[in-house]
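I have placed the structure first, in the form of structure tokens, so that the comments after it can refer back to it.
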Amino acid sequence: MESLLSKKQIPVRERLIFALDYPDVKEAEKIIETLGDSVQFYKLGLEIFMADGYFKLIDELHKKGKKVFVDLKFFDVPNTVASAVRQLKNRHAEFVTVHGSDKILEAACNAKSGVKILAVTVLTSLCQEDIESLGFQSVKVEDLVYSRAKRALEIGCDGVISSGLEISRLRKELGDKLLIVVPGIRPVENTEVDDQKRTVNVETAFNNGADYIVVGRPIKKALDPKQAAEDIQSSIAKVFAAS
């Protein structure tokens, strides 16, 4: 059986991305200090963007030797999205997410300078019923994810955001060139009621072909966030050591 484990030369401890979802920069700085060297990569989304000091925080993370994922899901007319992507030049961002049509993705790819474009496929908070309510009648989530990922790769995107449930097909049919970032990670069975519906655990995500995983609440809500992050790092290391 063909292994779907990522073959990219990514340091193992950088494969964990922590979602820095906090209402203000002070709280964010506190958890960064707490996590220390247990996390090397941070995702900064809309919540922290709406606080004062988003780019200052990115600069601080860069000075600490951390990597940054700008998860703002740019979705607007192509020219506006292109302009937004250009604003990230020299901002020390590794990834930025873009949502929408082929023209929007194409505009983002043409405007990038040093940042990798990740196309959003289907949010992990959406299930089959949600997809149908949005007008995608008789279309399976897996097929929609694959269609969007295939188009994104052809357009020139560096990778996609996808649930770990659908990525084995992406890896098998689209190859290893595509970067796959998987949110909705739950280290154990997801018994908590939250807005993530299509979830997988750490091992499943990587065995299905993920390059990176994004983890938020399982670390953020742990009694000992640093230990929770280290436990996930250990799980990741074991997966790649066994390959």
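Put simply, of Ser235, Ser243 the only residue that is part of a helix (DSSP H, G or I) and either touching a His at 6+ places or on another chain (Cβ under 6 Å) or of a type in the set (Gly, Ala, Ser) (or both) is Ser235. Selection of helices (runs of 4 or more DSSP H) fully inside the range 1-115 by the criterion of at least 2 residues being within 23 Å of Gly184 (Cα to Cα) returns 25-35, 46-49. Of the numbered criteria (1) β-branched (Val, Ile, Thr); (2) surrounded by fewer than 16 Cβ atoms within 10 Å (Cβ to Cβ); (3) modelled with pLDDT of 90 or more, the one Val188 fails is (3). When the range 40-71 is limited to residues that are exposed (fewer than 15 other Cβ atoms within 10 Å of the Cβ) and closer than 22 Å to Ile232 by Cα, the one that is farthest from the chain's Cα centre (by Cα) turns out to be Lys64. Residues in the range 223-243 that are open to solvent by 40 Å² or more (accessible area, probe 1.4 Å), of a type in the set (Ser, Thr, Tyr) and under 20 Å from the mean Cα position of the chain (by Cα): Ser234 alone.
In the range 202-224, the residues that are assigned to a strand (DSSP E or B) reach residues that are surrounded by 19 or more Cβ atoms within 10 Å (Cβ to Cβ) and not hydrophobic (A, V, I, L, M, F, W, C) with C-beta atoms within less than 7 angstrom, at least six apart or across chains, in these pairs: Tyr212/Arg15; Ile213/Arg15; Val214/Lys43; Val214/Pro183.
Total residues in the range 113-123 satisfying the condition of being modelled with pLDDT of 95 or more and either open to solvent by 60 Å² or more (accessible area, probe 1.4 Å) or of a type in the set (Ser, Thr, Tyr) (or both): the figure is 1. Only one of the listed residues (Glu14, Glu27, Glu33) is in contact (Cβ under 8 Å) with a residue 40 or more places away in the chain, on the phi < 0 side of the Ramachandran plot, open to solvent by 20 Å² or more (accessible area, probe 1.4 Å) and out of contact with any Asp or Glu (no Cβ under 8 Å at 6 or more places or on another chain). That residue is Glu14. The set of residues in the range 153-175 being in a helix (DSSP H, G or I), of a type in the set (A, V, I, L, M) and either modelled with pLDDT of 95 or more or open to solvent by 20 Å² or more (accessible area, probe 1.4 Å) (or both) consists of Leu153, Ile155, Leu174.
The values are calculated or read from the model by the stated rules, or taken from the named source; none is laboratory data. In this text the structure is predicted, and so the values were computed from the model without any measurement. As a convention, Cβ positions derive from the backbone with ideal geometry for all residues, glycine included, and neighbour counts pool all protein chains shown. For the accessible areas, the whole protein counts, side chains as well, though only heavy atoms, and no ligand, DNA or RNA atoms are used. Shrake-Rupley method; radii C 1.70, N 1.55, O 1.52, S 1.80 Å.
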